[in-house]
Amino acid sequence: MPESYTWSPRSEGDAVELYDAASGRSTVLRRPPAELLAMDDVVRIEALAFRESDRPQAELFGALDTDPLRVLTGMNWLIAFWTVLWDLRSGAPAEELIRDLNYDGPWRRGATPEREQVWRSMSQRVRSGVLAALTGNPEAHRVYESEVRRLAPDVFLHVTLTIMDALSRELTRQGLGLDGMAAGLAERTRPGPGNGPSFTPPR
């Protein structure tokens, strides 16, 4: 666990205050609403994201066959969490980082203009899902869910996983510790009523 962080329990039980000594700023973090996402799912995805092998993608695709929205929602929530941690450290708003997320994987390289529009559109859909997780907006999440159901979930997974991997590598290069942060939140909170969004703007 990165040593610069201090966790302080909140009276709600499902939330903690996270203080980053490197920036002198803090934020309140809350478990995702139980009806939307299980914290255990996020912790599992986090563990897969930092495992050095090809297995994480295979395991996520296997889970996708069972419950695609559950997997994709967990990935979106984890990406949103990382953008909040970057906001906490740097002061750059999480929303701005999310708006810069872009798929730049192998399926896009050398794409025709028509295909390029497809990848721009898919990147936008992923950004919308992450913003829905960041804000806790139920309607935004419903719109995202309808897009996943309308299009191919495996394409969403490939695009989201590629974006997630690129973001984790970039933030790690910037000196931000990400591995184990979702597990740390899970250890220090308990399931609660899910009142309010999971993330509050750092201050």
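Here, each number is a calculation from the coordinates, and none is a lab measurement. Nothing here was measured: the structure is a model prediction, and the numbers come from that model. Positions of Cβ are backbone-derived with ideal geometry, glycine not excepted, and every protein chain shown enters the neighbour counts.
Annotations
- Segment 74-89 and segment 178-194 have Cα centres separated by 13 Å.
- Residues 159, 126, ranked from the fewest to the most other C-beta atoms within 10 Å, line up as 159, 126.
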